[in-house]
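Peer 1: Have a look at the structure that comes next, please.
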Amino acid sequence: MNEKDIMNDCLAMIKGSLTGYAAIISETDNPQLRQTLQEMRDMDEKRLYELYQTAKQKGYYQPAQIASQNDIMMIKNQLSQG
């Protein structure tokens, strides 16, 4: 397995854990546990961004083109309408 594949696997795993945190945090009643999970989520978000930056820098990841202001407004309107 090469470095690019390893980085992509790590990115995918962290993204999956973030999805899991969202579900668990929203259902957690214990304030201390909730805080701990939020801190863990925050650390994973930081790791994900750092890994993303490295992958992008090495040319392993090509981000999507920057959305135009019109595209942003259209999506915002669609989402706010429900």
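Peer 1: As an exercise: evaluate L48 against (1) open to solvent by 80 Å² or more (accessible area, probe 1.4 Å); (2) among the hydrophobic types (A, V, I, L, M, F, W, C); (3) under 30 Å from N2 (Cα atoms) and give the number of the one condition it does not meet.
Peer 2: (1)
Peer 1: Here's a check for you: in region 13-35, which residue that is of a type in the set (D, E, K, R) and assigned to a helix (DSSP H, G or I) is least open to solvent (accessible area, probe 1.4 Å)?
Peer 2: The qualifying residue least open to solvent (accessible area, probe 1.4 Å) is R34.
Peer 1: Just one of (1) in contact (Cβ under 8 Å) with a residue 12 or more places away in the chain; (2) in contact with a Phe, Trp or Tyr (Cβ under 9 Å, 6 or more places away or on another chain); (3) not β-branched (V, I, T) trips up L48, so point out which.
Peer 2: (2)
Peer 1: For region 51-82, give me each residue that is at positive phi and either open to solvent by 90 Å² or more (accessible area, probe 1.4 Å) or hydroxyl-bearing (S, T, Y) (or both).
Peer 2: If the condition is that a residue be at positive phi and either open to solvent by 90 Å² or more (accessible area, probe 1.4 Å) or hydroxyl-bearing (S, T, Y) (or both), then G82 is the only one that fits.
Peer 1: Another question, then. Could you tell me whether any residue of region 57-80 is touching a helix residue (DSSP H, G or I) at 6+ places or on another chain (Cβ under 8 Å), without any contact (Cβ under 8 Å) to a residue 60 or more places away in the chain and assigned to a helix (DSSP H, G or I)?
Peer 2: no
The values are calculated or read from the model by the stated rules, or taken from the named source; none is laboratory data. Only a predicted model underlies this, so the values are computations on that prediction, with no experimental measurement involved. Here Cβ is always computed from backbone atoms with ideal geometry, including for glycine, and neighbour counts include all displayed protein chains. With ligands, DNA and RNA removed, areas are computed over all heavy atoms of the protein, side chains included. Shrake-Rupley method; radii C 1.70, N 1.55, O 1.52, S 1.80 Å.
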